[in-house]
Amino acid sequence: MNGSHSISIAVLTDNQNDVELINSTLRGAGHAAHCHWINTPNRFSDTLASESVELIILNLDNYREGIRQVIKEKDYFNPEVPVIALQQEVNEMAMHDAMRSGAVDLVSLGMKKRLTAVVTRELRALRAERALNSTIMSASSYKQQVRDLMQASNAAIALVQEGILVEANRAWLRLFKAANLDEVAGLPLMDSFDSEHHAALKGALIATIKDKWLPDDKLNARPHIDGADSAMLELRFAKIDYDGAPCVQICIVPPEKPAQEPTKLVHDALKRDPTTLFFHRAQFLERVEKRLKKKPKAGLHVLAYVKIDKFSSVRDKIGIIDSEEVLAQFSEIVRKRMHPRDVAGRFEGTAIMVLLERGSVRDAQVWGKQLVDQVSQRSFDVGDKSTPLTCTVGICGMNSVFGNLEEFVAATFDAYFAGREAGGNTSCLSESADKDTKQREFDAIWVKHLRAALMEDRFCLAQLPIAGLRSDNIEMYDLLVRMIDEQGKSVLPSEFLPAAERNNMMKNIDRWMIKAAVDFCDSNNTDRVFVRLSRQSLVEPSTAAWMEQEFENLGFDCSRLVVQIPEKDAARHIKQTQTLVAGLRKIGVGFALEHYGVDQEKFQILDLLKPDYIKIDGELMHSLMTDVEMQDRVRRIVDGAQQRNIKTVAERVENANAMAVLFQLGLDFMQGHYVHEPEVVLEDLESGEYNTLADLQAANSR
């Protein structure tokens, strides 16, 4: 190895003389060393992020962090880079301790020849490993590339390096209306797509290069083509080797457009209001009735009544005819905030009604609040006229209190009128169900079922995997609770937990969950599980002491458990939360804040409670892919968490587009249906033969 190869070295020391010593020693031995002086941990992270460091030399006597912390930090950027430790005095025990901590060797400051030999050895090993990996990757990627091209010869394919398009086939040029390759080569890929998809594209490119993009993942984005109203395209990403460097191959298969009969198109159009493009009232109610007959996959059905405040003033300002265009723009905002299974209709006049599927009524209220905020923060323009708007949203969740659809709709109306009487520009939740006599009767039935289920041990766990966006080294699960009824069927939490909360039974369910989590850890190699505690357990003074005693009796490794509490509950009960967390931390239990970031970035609560994890509320995920302001908001949350050494978890990640944006924003973990559907894990019942819900149901049917 000679001076023809430049070596990029990070030297960690607070004494610049060490840098000069290392630089002169290596250059004297024929190495073209380029040393980066790192005197603070912050500068170390910046250097790793911006420079291609091949070697790290750490002076243990003159740097504030030890070997383990340095290695942990560099592994985040490049795990393969070796760390050589320096020390004034070196003996066999010191060398053993340094290498056990992760250093490849420990060298005395006075042994220049040994330092040169160690550097030469590690650089040769590093470069040999990289050359081998590059050869293997190049061969396998090339074969896969050929297969892809053979299987989809009509697909539009381009190669992208560091965000720049370097190669494209004829189908790509036709799709983006380019005369030849020279028109697109050398330009940023982002120039070819609408700005609202840039964050997802950047995240997908980074994830692909870092081998985090799954082969079957697809990203949807709208092309930016002059003079064309373009449809969404489905993009596939793959990492290949191109000209000796890693590259991202993007493949776009043209969507099939099945021919539709003119009569069907006309029939579909007649079902929708031409201004809002939502269903007419009759068609909307027909769909709502059908949907309410079936239970949602998770959560519950919620109705939202949405109406612009003081629309008569808008008509006076904009004009009677142009005011319909304002309603159309308003409807488009509502549409962008809807999930794929949500249904909306123009209910009456300027009012829109939406049937939502959400995890809880609280999630729907958050949806309404975000809609209210977004509407109030923008201007609505028609020609040379402009007007601000506010709106009011009434929210009501479906339950057995309502005898029919009429009562459900009426309760939603009442919530809207309550918000309007309060001044408008708000999202108001219906309280009628809580005050109704039927609710008490309903609760009485559930209390009976809950007590029986607790006595007969008819609860089970559902495990939801938490996937690493930066690393897959830790296996983690979010544990959810399910109840098994007398017929052996699973009951979702949205059906029985509200009654348990209203009737002070959550503490018993929480304690069952804690014991079940311990059993789950004992029977699996899981590194960490997350278990949520209710407000009742949070304010109960004996919770921490009970958990400590329980874990001691069971001999449980407490570091495998993370207790999670909703931010809303923690904010209302700061002192109780601090007391509980302090007690749990003494025995090694972790702490997470869930549903974080709904109202604003509350960093004060992070400083007060110092959680190990924060789970960013799932309702923020839906609009995150295209809402630049929401992306900035989540980025601020992530930055604030990283400054406080808090890991971030995204809730309810539904597709590859969302994952790509989260990767680009710097989150650490994600959970949701994109990662895995919740998998039910049952305790053995009586005979001990049934391990899954399917087994139990099959047995009951015999």
### Query
Given Met513, Met476, which one is closer than 30 Å to Pro79 by Cβ, modelled with pLDDT of 90 or more and assigned by TED's automatic domain parsing to the domain that holds Arg572?
Met476
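One line per residue, one yes/no per condition, for (1) of a type in the set (Lys, Arg); (2) touching a His at 6+ places or on another chain (Cβ under 9 Å); (3) crowded, with 17+ Cβ neighbours inside 10 Å:
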position	(1), (2), (3)
Phe284	no, no, yes
Lys290	yes, no, no
Leu300	no, no, yes
Leu303	no, no, yes
Asp309	no, no, yes
Gly319	no, no, no
Ala328	no, no, no
### Task
Show the residue pairs that are 6+ apart or on different chains and have beta-carbon atoms under 7 Å apart, the first residue being within the range 281-300 and assigned by TED's automatic domain parsing to the domain that holds Arg346, the second being part of a loop (DSSP other than H, G, I, E, B).
Gln283/Lys271; Leu292/Met398; Ala298/Gly359; Ala298/Leu492; Gly299/Gly359; Gly299/Ser360; Leu300/Met398
## Note on the structure
Here the residues within the range 640-659 that are part of a loop (DSSP other than H, G, I, E, B) and not polar (S, T, N, Q) are Arg644, Ile646, Glu651, Arg652, Val653, Glu654
### Task
List the helices (runs of 4 or more DSSP H) that sit entirely inside the range 538-630 and contain at least 1 residues that are among the hydroxyl-bearing types (Ser, Thr, Tyr) and modelled with pLDDT of 90 or more.
543-554, 574-586
### Task
Look through Arg535, Arg502, Arg511 and report the one residue that is within 21 Å of Gly583 (Cα to Cα), touching an Asp or Glu at 6+ places or on another chain (Cβ under 7 Å) and surrounded by fewer than 20 Cβ atoms within 10 Å (Cβ to Cβ).
Arg535
### Message
If Phe496 meets every condition in (1) surrounded by 21 or more Cβ atoms within 10 Å (Cβ to Cβ); (2) at pLDDT 90 or above apart from one, which number is that one?
### Response
(2)
### Query
Which condition number in (1) modelled with pLDDT of 90 or more; (2) farther than 26 Å from Ile209 by Cβ; (3) not small (Gly, Ala, Ser) is the one that Glu677 fails?
(1)
### Message
Please verify whether Arg124 is of a type in the set (Lys, Arg) and in contact (Cβ under 8 Å) with a residue 12 or more places away in the chain, treating the condition exactly as stated.
### Response
yes
### Query
Looking only at strands (runs of 3 or more DSSP E) that fall completely inside the range 157-249, which ones have 2 or more residues that are among the charged types (D, E, K, R) and at pLDDT 85 or above?
233-242
### Query
From His573, His595, which residue is at positive phi and touching a helix residue (DSSP H, G or I) at 6+ places or on another chain (Cβ under 7 Å)?
His595
### Query
Is it fair to say Asp478 is in a helix (DSSP H, G or I), touching a residue at least 24 places away in the same chain (Cβ under 8 Å) and not β-branched (Val, Ile, Thr)?
no
### Task
Tell me, please, whether a residue that is under 21 Å from Gly423 (Cβ atoms) and at pLDDT 90 or above can be found in the range 288-299.
no
### Query
Going by the structure shown, is Ala694 modelled with pLDDT under 90 and either assigned to a loop (DSSP other than H, G, I, E, B) or surrounded by fewer than 20 Cβ atoms within 10 Å (Cβ to Cβ) (or both)?
yes
### Task
Could you check, for the range 302-311, whether at least one of its residues is modelled with pLDDT of 90 or more, hydroxyl-bearing (Ser, Thr, Tyr) and either outside the structural domain of Pro493 (by TED's automatic domain parsing) or part of a loop (DSSP other than H, G, I, E, B) (or both)?
yes
### Task
Tell me which residues, restricted to the range 163-220, are small (Gly, Ala, Ser) and in contact (Cβ under 8 Å) with a residue 12 or more places away in the chain.
Gly163, Ala168, Ala171, Ala185, Gly186, Ser192, Ser195, Ala199, Ala200, Gly203, Ala204, Ala207
### Task
For the range 194-211, state whether one or more residues are touching a Phe, Trp or Tyr at 6+ places or on another chain (Cβ under 6 Å), closer than 13 Å to Ile252 by Cβ and among the polar types (S, T, N, Q).
no
### Task
Would you mind stating whether Phe556 is over 29 Å from the mean Cα position of the chain (by Cα), closer than 22 Å to Leu464 by Cβ, surrounded by 18 or more Cβ atoms within 10 Å (Cβ to Cβ) and not hydroxyl-bearing (Ser, Thr, Tyr)?
yes
### Message
Name the residue that is surrounded by the fewest Cβ atoms within 10 Å (Cβ to Cβ), counting only residues in the range 516-532 that are modelled with pLDDT under 90 and not in a helix (DSSP H, G or I).
### Response
Asn525
#### Entry: Scope the range 614-633; condition within 18 Å of Pro566 (Cβ to Cβ) and of a type in the set (Val, Ile, Thr); matching residues
Ile614, Ile616
### Task
Considering each of Ser6, Ser45 in turn, give the residue that is surrounded by fewer than 19 Cβ atoms within 10 Å (Cβ to Cβ) and either touching a Phe, Trp or Tyr at 6+ places or on another chain (Cβ under 6 Å) or closer than 18 Å to Leu126 by Cβ (or both).
Ser6
### Query
So which residues in the range 11-25 are assigned to a helix (DSSP H, G or I) and acidic (Asp, Glu)?
Asp18, Glu20
### Query
Does any residue of the range 28-36 turn out to be at pLDDT 90 or above and loosely packed, with under 13 Cβ neighbours inside 10 Å?
no
### Task
Give, as residue ranges, the strands (runs of 3 or more DSSP E) completely inside the range 341-424 that count at least 2 residues that are surrounded by fewer than 21 Cβ atoms within 10 Å (Cβ to Cβ).
343-348, 351-358, 379-382, 385-388
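The values are calculated or read from the model by the stated rules, or taken from the named source; none is laboratory data. Everything numeric here is computed off the predicted structure, so don't read it as measured data. Note: ideal-geometry Cβ built from the backbone for every residue, glycine included; neighbour counts use all protein chains shown.
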